[in-house]
Amino acid sequence: MKRVILAYSGGLDTSVIVRWLSERGYEVITYTADVGQGEELTEIPQKAKASGAVDAIVEDLKEEFAREYCLPTLRALALYEGRYPLTASLSRPLIAKKLVEYAEKFGADFVAHGSTGKGNDQVRFELSVWALNPNLEVLAPVREWEFKSREEEVEYALRHQIPVKATKDKPYSIDKNLWGISIECGPLEDPWTEPPEDAFEWTVSPEKAPNEPEYVEITFEKGVPTQLNGKTYEKLSELILDLNRIAGRHGVGRIDMVENRLVGIKSREVYEAPGATVLYKAYQDLLSLTTDRWTFHYFLTHIPHEYAKLVYEGLWFSPLRTALDAFTESIAQFVNGTVRLKLYKGHAQVVGRKSPNSLYVEDLATYSEKDAFDHKAGAQFTKVFGLPLKVLGRVKNAHSGSSDR
């Protein structure tokens, strides 16, 4: 009997996959990860077995996901194409790692996922699996099965008494974890159409958000968020979930973009990431306060884009990601302090910051009588700093004068 570990969400695709693989001689063990999607997972094992699985594993990975995947990405300030905080992208390597672990534990030669042939997740799952165990074979039934539409899948499920919920009322494809929600399909496939309000789950419309702003304070220790509004959190995952609720009720964290998928097509994507949005703003502000100019500028021009790109493209288990983490962890040792933000009708604005490692010196920055800056030294600095342009101007003028003659 061929044994396979299937990444299982309990949705239509993966429920149908269980039966489809069983019919083809596979012994299916499902694996479901709780990464903070906020859904009740107690019924998952029963549902998986009713679909044909011989066993079903459900595992709470919220804290591992927050500390080992979300935190390094936050420290890199990684946003794909400058906007997407990599919500779904981040959970895939963690789930793939667990698929490999259980495949090795149960002697399975195969792992499987429910990704389509034109999505990014197929790449993320398969590259992660092969990086960890190149001998495992990855199955992707959705890429090869006979169904041409979701309606055909529903028909198959009903015929085989597979317990699935399918509705035309909310035709969205949704992926959730504690870092955010990815929303696509349905009316969102027209990039001119404004996302309907029923597409959003965690954020209220800014128009319906409170008319009074709310202030939040986030404290970091060595680049790790540890306190929210004075409350200390032992679990980073709980801080993020609480921040999602606070920022979400002010409409913070909605993202609507057309992004370039890895497979070469453009896709309209809508995201909700209230907590991540606030944490990114807070972290960047505190990093700027505590990092010298050369390091900060190097970070901004070299790290966020490259880190986001490798996460998006499924390269989490690459030496490059390990090397970038070493750099961001090094400078994070100085990211200590508290940032105050104002949340108001879809906006999160930093309005205060303090740190024991602050490089801001008021006596040097002030324009009051306390000013300790050497203004005369400024004249000599400007003279030396501007020397290359001054020389360039002389040469250009000399050539211009000779050509006139």
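Every number in this text was worked out from the coordinates using simple rules, so none of it is lab data. Predicted, not measured: the structure shown is a model, and the values here were computed from it. Here the Cβ positions follow ideal geometry from the backbone for every residue, glycine too, while neighbour counts run over all protein chains shown.
With charges set only on the Cβ (+1 for Lys and Arg, -1 for Asp and Glu), what does the dipole of the chain come to about its Cα centre, in debye to the nearest 20?
Values: 50 positive and 59 negative charges, 276 e Å.
So the magnitude is around 1320 debye.
What size of dipole, in debye to the nearest 20, comes out for region 2-159 about its Cα centre when the only charges are +1 on Lys and Arg C-beta atoms and -1 on Asp and Glu C-beta atoms? The partial results should precede the final answer.
On the way: 20 positive and 26 negative charges, 59 e Å.
Rounded to the nearest 20 debye, it is 280 debye.
What's the extension gain from Gln380 to Leu158 if we count 0.36 nm per residue and subtract their Cα-Cα distance?
On the way: separation 222, 0.36 × 222 = 79.92 nm, distance 8.14 nm.
Fully extending the segment from Gln380 to Leu158 adds 71.8 nm.
Extension gain for the segment Lys208 to Lys2, taken as residue separation times 0.36 nm less the Cα-Cα distance, is 68.8 nm to one decimal. Bridgeable aspartates and glutamates around Lys235 (alpha carbons under 18 Å apart, same-chain partners fewer than 8 residues away excluded): Asp34, Glu59, Asp60, Glu63, Glu64, Glu68, Glu217, Glu221.
Give me the percent relative contact order of region 173-354, please, defined on Cα pairs under 8 angstrom at least 6 residues apart. If you can, show how the numbers build up before the last one.
Working: 311 pairs, mean separation 55.2, N = 182.
So the answer I get is 30 percent.
Each Lys and Arg adds +1 at its Cβ and each Asp and Glu adds -1 at its Cβ; summed about the Cα centre, region 173-354 shows a dipole of about 640 debye.
Between the residues Val129, Ser15, His113, the greatest Cα displacement towards the positive end of the dipole of region 2-159, with unit charges on the Cβ of Lys, Arg, Asp and Glu, is found for Val129.
Between region 92-144 and region 354-383, what is the C-alpha centre distance in whole Å? What the calculation gives is 55 Å, centre to centre.
Packing-based ranking of 50-63, 207-220, 375-388 yields 50-63, 207-220, 375-388, ordered from highest to lowest mean Cβ neighbour count within 10 Å. Ordering Glu40, Glu189 by the number of other Cβ atoms within 10 Å of each residue's own Cβ, fewest first, gives Glu40, Glu189. Peptides 131-142, 333-344, ordered by how many other C-beta atoms sit within 10 Å of their residues on average, highest first, read 333-344, 131-142. Which value in nm describes the separation of the simple spin-label points at Leu41 and Leu389, placed 7 Å from the Cα toward the beta carbon? Taking the two extended label points, one gets 5.7 nm.
Beyond 24 Å between alpha-carbons counts as too far, so tell me which of Lys98/Lys176; Lys309/Lys345; Lys354/Lys383; Lys2/Lys98 fall in that bin. In this structure, Lys309/Lys345; Lys354/Lys383 exceed 24 Å between Cα atoms.
For the pair Ser400 and Asn229, what calculated FRET efficiency results from E = 1/(1 + (r/R0)^6), where r is the Cβ-Cβ distance and R0 = 60 Å, to the nearest 0.05?
On the way: r = 63 Å, r/R0 = 1.05.
E between Asn229 and Ser400, to the nearest 0.05, is 0.40.
Taking label points 7 Å from Cα along the Cα-to-Cβ direction, Asp55 and Lys105 give a separation of 0.8 nm.
Averaging the sequence gap over all C-alpha pairs within less than 8 Å and six or more residues apart, then dividing by the number of residues, gives the chain a relative contact order of 18 percent.
For region 100-258, the residue among Ile174, Leu228, Pro206 whose Cα projects farthest onto the positive side of the dipole built from Cβ charges is Leu228.
Which one of Asn120, Asn244, Asn229 has the biggest mean-square fluctuation once the chain is modelled by GNM with Cα springs under 10 Å? Maximum among the listed residues: Asn229.
What number comes out for the charge environment of Pro388, summing +1 per Lys or Arg and -1 per Asp or Glu over other residues with Cβ under 13 Å away? Once positives and negatives cancel, what remains is +4. Take the convex hull of the alpha carbons in region 333-373; its mean projected area over all directions comes to 4.4 nm².
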